[in-house]
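What follows is a short report on a single structure.
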Amino acid sequence: MNDSPPRLSRTEHVILTLLSRDKELFGLQIVDKSAGAVKRGTVYVTLGRMHDKGFVESRTEPLAPGAIGLPRRLYRLTPYGVAVLRAWTRATRALARLRPAEA
């Protein structure tokens with residue numbers, strides 16, 4: 001069993017934060033809302049990694065009658081993803097308070 005804490009990249013943190021605000025987004029919405037922090041070329045790879053870690057889950061959006069093309073995949077946080085984001089946020093704030101004041 002792996003007892004090490006979960007790793008969270010900067011991109012994963014941005015995605016978790018966006019999903020905590022908007023509840024459910026598809027990949028290109030994440031790119032648009034990230035203000036450049038998440039790139040088109042990496043969003044789906046990152047979401048796949050986050051799915052493997054248990055941070056997010058997804059569902060396929062049903063196609064409207066007469067629509068063509070592939071259905072979009074919508075992503076949302078899992079309870080574990082919510083807990084990781086909360087713990088990460090608390091740890092970041094606690095570490096910021098420990099930083100010595102600059103002279």
Measuring from its Cα centre, segment 1-57 shows a charge dipole (+1 at each Lys and Arg Cβ, -1 at each Asp and Glu Cβ) which, in debye to the nearest 20, is 220 debye
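Label segment 13-58 by shape, choosing from rounded, prolate and oblate, from the square roots a ≥ b ≥ c of the eigenvalues of the Cα gyration tensor; if a/c is under 1.5 it is rounded, and otherwise prolate applies when a/b is larger than b/c, oblate when it is not.
oblate
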Carbon and sulfur atoms account, in whole percent of the 1.4 Å probe accessible area of segment 37-103, for 60 percent
In whole µm²/s, the translational diffusion coefficient that Stokes-Einstein assigns to the chain, given a Kirkwood hydrodynamic radius over C-alpha pairs, 25 °C and 0.890 mPa s, equals 162 µm²/s
Among ALA94, LEU70, LEU47, the residue whose Cα sits farthest towards the positive end of the charge dipole of the chain, when +1 is placed on the Cβ of each Lys and Arg and -1 on the Cβ of each Asp and Glu, is ALA94
Long-range amide H partners of ARG72, meaning residues 5 or more apart or on another chain whose placed amide H is closer than 5 Å, are GLU61
Segment 1-97 accessible area per residue, 1.4 Å probe, protein heavy atoms, integer Å², reads 68 Å²
Listed residues GLY69, GLY54, GLY27; largest mean-square fluctuation, Gaussian network over the chain with Cα springs below 10 Å, found at GLY69
Here, ARG90 and LYS53, labelled 7 Å along Cα→Cβ, have an inter-label distance in nm of 1.8 nm
In nm, the gap between the two label points placed 7 Å beyond Cα toward Cβ at ARG76 and ASP3 is 3.5 nm
With +1 at each Lys and Arg Cβ and -1 at each Asp and Glu Cβ, the charge dipole magnitude of the chain around its Cα centre, to the nearest 20 debye, comes out at 220 debye
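The values are calculated or read from the model by the stated rules, or taken from the named source; none is laboratory data. This structure is a prediction, so every number in the text was calculated from the model and none was measured. So basically every Cβ, Gly included, is an ideal-geometry build from the backbone, and we count neighbours across all protein chains shown. Just so you know, the surface numbers come from the protein's heavy atoms only, side chains and all, with ligands and any DNA or RNA stripped out. Shrake-Rupley method; radii C 1.70, N 1.55, O 1.52, S 1.80 Å.
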